[in-house]
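*Asks:* Structure in structure tokens, see below.
The values are calculated or read from the model by the stated rules, or taken from the named source; none is laboratory data. Treat the numbers as computed from the prediction; the structure is a model and nothing was measured. Positions of Cβ are generated from backbone atoms using ideal geometry, with glycine treated the same way; all protein chains shown enter the neighbour counts. Areas reflect the complete protein model, heavy atoms only, side chains present, ligands, DNA and RNA absent. Shrake-Rupley method; radii C 1.70, N 1.55, O 1.52, S 1.80 Å.
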Amino acid sequence: MPTKRTASKISPRTVVLVTLAVGLGLPGALFAAILLLSPLTKPAVIDALVGRVLGVDPATWPWTGLAEGVAVGILAFILVNFGAIVSGMTVWWEMRVSSRMQSRVGYNRAGAAGFFQWIADAVKLLFKEDLIPADADQILFRSAPYFVMAGFALAFVVLPFGESLIAADLNVGVFYLIAVTALVVVGILLAGWSSNSKWALFGGMRSAAQVISYEIPAGVAVMVPILMSGTLSMQGIVRAQGAWPWQWNVFTNPASTVAFAIFFISQLAEGNRTPFDLPEAESELVAGYLSEYSGFRFALYFLVEFGNLWVMAAVATTLFLGGWQVPFVGPEAYAAARGAELIPGAAWWGLEALSMVVMVLKTLVVLNLIVWVRWTLPRIRIDQMMNLCWKYLVPWAFASFLFTLLWQLAVAGTPALATVSGIALTAATALLLVLFLRQTRANLVAMGDRVDLTNW
Amino acid sequence: MPTTVREYTGSIRDTVKSFWHGLSITLSYLVRRPITVQYPDRTTLPVRDMLPPRYRGFLEVDASICTGCQACERACPISCIQISLEKDPQNPKQRVVTQFDIDEAKCMFCGLCVEPCPTGSIQHTREFEGSQADLRNLVIRWSDPLHPFPVYKVDKAAEYLPRVELGTLVRAKLAARAWDAPGPRFLPPEPPAAPAAPAAGDATPAKP
Ligand code: SF4
Ligand code: SF4
């Protein structure tokens, strides 16, 4: 049975090239698919295509609904795959970053920089036995991961990727988002309850308490950008902001900066990220609600946990950080490039791609911030977690909400106020950034070290 | 739990400060060179040569100075050592060690066997890399019935005991065995497998 292992003959250059091809090609292909499909799978476009290609009247043709459904189904498939792949790549990236932060090397075996490790991990998890404890509630135990997965996948419906790149621009977008992400709690609670294990039950209960508590400051903080743009639609909120930092929601209103901080912290808590990973605190609860899961179902939880980073980052970018707005490209530019054609020309696609690049870059920055916070702060205690929510975040969220109401009245009187606040806060942030980098340099120098990325 | 305004604002300030300093410290580590050394292929020396000299790794027996006293076997609290002695058929006055097995998989490297050895024949080495696909391959045989060694008679006049360089013997033994070599079979061959479909219900073996 033992097989002879032969030393791998692949040259390092090939490994690097293959890694680069997969690492850039896979997300690139998915982004391209989203770029192409999301404007083209809208029912209006499908109807027009049906009418033009088949020469039938879409209003009376019996299969119009089916054609629209298939088109949306393809888009949904691409989006869920995007979530899964982004989640896997986030795992790899987070493990790399965390190891550097802890002076370790991290993944470095499978592919260049260990890039294929996440694929190897996923394959390993899929091959593991999907064990169900004897005394577990079979139906609930089996179905719980799908609630979590559904809550995660449904969020992608309203996540904008670019100017017209969104699966569905619901006019209740933000509300929808908060509603469907709550499904994740249902899944976690079910998992905790049905496992019939005290670790899992405690984990599930803690998670429910945590997520439901933090929904309140998150919801109130979200009200601030909504008030500032006067709409619940995700695209509407982005359109109400400008491309430059001093036109972003986070800076045009002092209370909104506070709201952004509150929203960010609440998102960490809702995503069960460290420092709020109490539901799966290893040192106390084995693995919390995940204790009894294995194989594919465990993989689903993991996928959602890391995929949520992208969702969190994209939502924060949309609400506070100007979304996909490209400098010097206003709504007229998009309209001019769009023209009246059914399938718009190359200029429009180029603009869309540009807006997608801006959105993705901002999202990646926020995503890295979340990863960075996780590897910086230790887990807080459960009473501290509740204290933080009810005594600090909730009152401050309400205060910023009230301040925004007054601020909007003031801005309606003197529109220059928003610009002044934007420029002042942007300058303050830039100054803080410089100070922060100086502090970091001081930390480096204090240890007699220097910046050395040779072994990254 | 804050009870005064000062405590309340103080805890907000603490939070902001710990974010500020914490993030800056982790960022500064992010751009440093990791201090870990990648084992096994990027170390400057073989790892065994970087270990302290009194490291307790795999045991090594120098057969040329083993007196066959079995003190090590008796000292081992978990019986990893198995020694058998016989008379040499050719020379009834000479005893030979026909079995000297040390189960390195079971050994806890406590060193209790090393201490009673009168000649220093059994010693810990700095070898520790012994990955084997089959656990039984970690039983290192220093003598076996086909290759027995005669016991050593301590020369009272000798100034020192001629021991071979520590580590060479066990290294040779480990190197001679491929990591995926099939393990030795200590049990008799298993009986032929039962027919696929048992004829009668009572013929099936009882399950534990
Ligand atoms: S080191 Fe300890 S456990 Fe190992 S063989 Fe010697 S006495 Fe036994
Ligand atoms: S190795 Fe040492 S203690 Fe063990 S039998 Fe030989 S001489 Fe005696």
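*Asks:* If I ask for residues that are within 18 Å of A:ILE265 (Cβ to Cβ) and either surrounded by 24 or more Cβ atoms within 10 Å (Cβ to Cβ) or among the polar types (S, T, N, Q) (or both), which ones from the stretch A:301-310 would you list?
*Replies:* Initially, the stretch A:301-310 is screened for residues within 18 Å of A:ILE265 (Cβ to Cβ), giving A:305, A:308-309.
Once the filter is applied, which keeps residues that are within 18 Å of A:ILE265 (Cβ to Cβ) and either surrounded by 24 or more Cβ atoms within 10 Å (Cβ to Cβ) or among the polar types (S, T, N, Q) (or both), the stretch A:301-310 yields A:ASN308, A:LEU309.
*Asks:* If we keep just the residues of the stretch B:44-73 that are among the basic types (Lys, Arg) and within 16 Å of ligand 1 (Cβ to nearest atom), which is nearest to the chain's Cα centre (by Cα)?
*Replies:* Start the filter on the stretch B:44-73 by keeping residues that are among the basic types (Lys, Arg), which leaves B:48, B:54, B:56.
Adding the requirement that they be within 16 Å of ligand 1 (Cβ to nearest atom) leaves B:54, B:56.
Working: B:ARG54: 15, B:ARG56: 9 Å.
Only one residue fits best here, namely B:ARG56.
*Asks:* Being more than 30 Å from B:THR9 (Cβ to Cβ), of a type in the set (Lys, Arg) and surrounded by 15 or more Cβ atoms within 10 Å (Cβ to Cβ) narrows it down to one of A:ARG338, A:ARG379, so name that one.
*Replies:* Details: A:ARG379 fails: more than 30 Å from B:THR9 (Cβ to Cβ).
On inspection, the qualifying residue turns out to be A:ARG338.
*Asks:* Applying the selection to the stretch B:81-140, what residues are within 14 Å of chain A (Cβ to nearest Cβ), open to solvent by 20 Å² or more (accessible area, probe 1.4 Å) and either within 12 Å of ligand 1 (Cβ to nearest atom) or outside any loop (DSSP other than H, G, I, E, B) (or both)? Give the derivation first.
*Replies:* So the first thing to find is which residues in the stretch B:81-140 are within 14 Å of chain A (Cβ to nearest Cβ), and the list is B:131-137.
So of that shortlist, the ones also open to solvent by 20 Å² or more (accessible area, probe 1.4 Å) come out as B:131-136.
Result: B:LEU135, B:ARG136.
*Asks:* Moving to a separate point now. Given the condition free of Cβ contacts under 8 Å to residues at least 24 places away in the same chain and within 21 Å of B:ASP134 (Cβ to Cβ), answer yes or no: does some residue in the stretch B:80-93 qualify?
*Replies:* Yes; the residues of the stretch B:80-93 include at least one that is free of Cβ contacts under 8 Å to residues at least 24 places away in the same chain and within 21 Å of B:ASP134 (Cβ to Cβ).
*Asks:* Going by the conditions given, is A:SER283 buried (at least 22 other Cβ atoms within 10 Å of the Cβ), assigned by TED's automatic domain parsing to the domain that holds A:SER197, among the polar types (S, T, N, Q) and part of a helix (DSSP H, G or I)?
*Replies:* On the way: buried (at least 22 other Cβ atoms within 10 Å of the Cβ): no; assigned by TED's automatic domain parsing to the domain that holds A:SER197: yes; among the polar types (S, T, N, Q): yes; part of a helix (DSSP H, G or I): yes.
No.
*Asks:* Kindly evaluate A:ASP121 against the criterion of being more than 14 Å from every other protein chain (Cβ to nearest Cβ), touching a residue at least 24 places away in the same chain (Cβ under 8 Å), of a type in the set (Asp, Glu) and assigned to a helix (DSSP H, G or I).
*Replies:* Values: more than 14 Å from every other protein chain (Cβ to nearest Cβ): yes; touching a residue at least 24 places away in the same chain (Cβ under 8 Å): yes; of a type in the set (Asp, Glu): yes; assigned to a helix (DSSP H, G or I): yes.
Judged against the criteria, A:ASP121 is a match.
*Asks:* What number of residues within the stretch A:19-41 are β-branched (Val, Ile, Thr) and under 20 Å from the mean Cα position of the chain (by Cα)?
*Replies:* Initially, the stretch A:19-41 is screened for residues β-branched (Val, Ile, Thr), giving A:19, A:22, A:34, A:41.
Narrowing the set further to residues that are under 20 Å from the mean Cα position of the chain (by Cα) leaves A:34.
Matching residues across the stretch A:19-41 total 1.
*Asks:* Separate question: Please count how many residues of the stretch B:66-95 are among the β-branched types (Val, Ile, Thr) and more than 11 Å from ligand 2 (Cβ to nearest atom).
*Replies:* Start the filter on the stretch B:66-95 by keeping residues that are among the β-branched types (Val, Ile, Thr), which leaves B:67, B:78, B:81, B:83.
Keeping just the survivors that are more than 11 Å from ligand 2 (Cβ to nearest atom) gives B:78.
Qualifying residue count for the region: 1.
*Asks:* Please verify whether the stretch A:149-167 includes one or more residues that are surrounded by fewer than 19 Cβ atoms within 10 Å (Cβ to Cβ) and part of a loop (DSSP other than H, G, I, E, B).
*Replies:* Scanning the stretch A:149-167 turns up no residue that is surrounded by fewer than 19 Cβ atoms within 10 Å (Cβ to Cβ) and part of a loop (DSSP other than H, G, I, E, B).
*Asks:* Report yes if A:GLY448 is of a type outside the set (Phe, Trp, Tyr) and away from every other protein chain (no Cβ under 14 Å), otherwise no.
*Replies:* On the way: of a type outside the set (Phe, Trp, Tyr): yes; away from every other protein chain (no Cβ under 14 Å): no.
The answer is no for A:GLY448.
*Asks:* Another question, then. Do the conditions hold for A:PHE298, that is, is it of a type outside the set (S, T, N, Q), open to solvent by 40 Å² or more (accessible area, probe 1.4 Å) and in the same structural domain as A:VAL158 (by TED's automatic domain parsing)? Full working, then the answer.
*Replies:* Values: of a type outside the set (S, T, N, Q): yes; open to solvent by 40 Å² or more (accessible area, probe 1.4 Å): yes; in the same structural domain as A:VAL158 (by TED's automatic domain parsing): yes.
Against the criterion (of a type outside the set (S, T, N, Q), open to solvent by 40 Å² or more (accessible area, probe 1.4 Å) and in the same structural domain as A:VAL158 (by TED's automatic domain parsing)), A:PHE298 qualifies.
*Asks:* Residue by residue through the stretch B:141-158, note down the ones that are away from ligand 1 (no atom under 16 Å from the Cβ), within 27 Å of B:GLN90 (Cα to Cα) and of a type outside the set (D, E, K, R).
*Replies:* Within the stretch B:141-158, B:PRO145, B:LEU146, B:HIS147, B:PRO148, B:PHE149, B:PRO150, B:VAL151, B:TYR152, B:VAL154 meet the criteria.
*Asks:* Restricting the first residue to the stretch A:1-22 and requiring it to be more than 30 Å from A:VAL86 (Cα to Cα), which pairs with a second residue that is at pLDDT 70 or above meet a Cβ separation below 6 Å and a spacing of at least six or different chains?
*Replies:* Within 6 Å, the pairs are A:PRO2/B:ALA133; A:PRO2/B:ASP180.
*Asks:* Inside the stretch B:1-59, can you point out the residues that are within 12 Å of another protein chain (Cβ to nearest Cβ), open to solvent by 80 Å² or more (accessible area, probe 1.4 Å) and part of a loop (DSSP other than H, G, I, E, B)?
*Replies:* Scanning the stretch B:1-59 gives B:MET1, B:THR3, B:ARG33, B:ILE35, B:VAL37, B:TYR39, B:ASP41, B:ARG42.
*Asks:* Taking the stated definitions as given, is B:THR98 within 16 Å of ligand 2 (Cβ to nearest atom) and among the hydroxyl-bearing types (Ser, Thr, Tyr)? Show your work before the answer.
*Replies:* Values: within 16 Å of ligand 2 (Cβ to nearest atom): yes; among the hydroxyl-bearing types (Ser, Thr, Tyr): yes.
Yes: the conditions hold for B:THR98.
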